[in-house]
Amino acid sequence: MREKNSGPIIMEEIRLMEVMIRIYYRNQEEEAIPEDRMLNYARKRLEFCQFGEEKTTCQRCPVHCYQPKYREQMKKIMRYSGPRMLFKHPVLTLRHAYRGLTRSVE
């Protein structure tokens, strides 16, 4: 079993995902995957990411670690919450964008 990641990059990514999920679920009608289940799933995927502190953004990652139903739900969440993040959490959003531009996983 893989070791749990708990470094600053992973913790920031977890915070970012939690904020995005909460923004999405606060403004949506009933969804197939409940908010708490989505939060726990995303947190576990990040905590056990094989790239650890060297991770790039999920969009640029060569490994798709989400199950298909969760991946589709996360795409909806990111599409909805992404643009709103810049106004609600600008520092977190800009740091994430910078990480996406400067890191790549080989």
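The values are calculated or read from the model by the stated rules, or taken from the named source; none is laboratory data. Remember, it's a predicted structure, so these values are computed and weren't measured experimentally. Neighbour counts are summed over all protein chains in view; Cβ atoms, including those assigned to glycine, are modelled from backbone coordinates with ideal geometry. Areas reflect the complete protein model, heavy atoms only, side chains present, ligands, DNA and RNA absent. Shrake-Rupley method; radii C 1.70, N 1.55, O 1.52, S 1.80 Å.
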Solvent exposure of the chain as accessible area per residue, Å², 1.4 Å probe: 65 Å²
Cut-off 12 Å (backbone N to label point 7 Å along Cα→Cβ of Arg43), residues of region 18-36: 18-19, 36
Surface share of carbon and sulfur [accessible, 1.4 angstrom probe, percent] for the chain: 52 percent
Cα-projected label distance for Ile33 with Met11, points at 7 Å along beta-carbon direction, nm: 2.6 nm
Cross-link partners of Lys4 among lysines (Cα-Cα below 19 Å; sequence separation of 8 or more within a chain): Lys44, Lys55
Phi to ³J(HN,Hα) by Karplus 6.51 cos²θ - 1.76 cosθ + 1.60 over region 85-90, Hz, x for Gly, Pro: 4, 4, 8, 8, 9, x
Residue-averaged 222 nm ellipticity for the chain, from DSSP H runs of 4+ at -39500 (n - 2.57), nearest 500: -21000 deg cm²/dmol
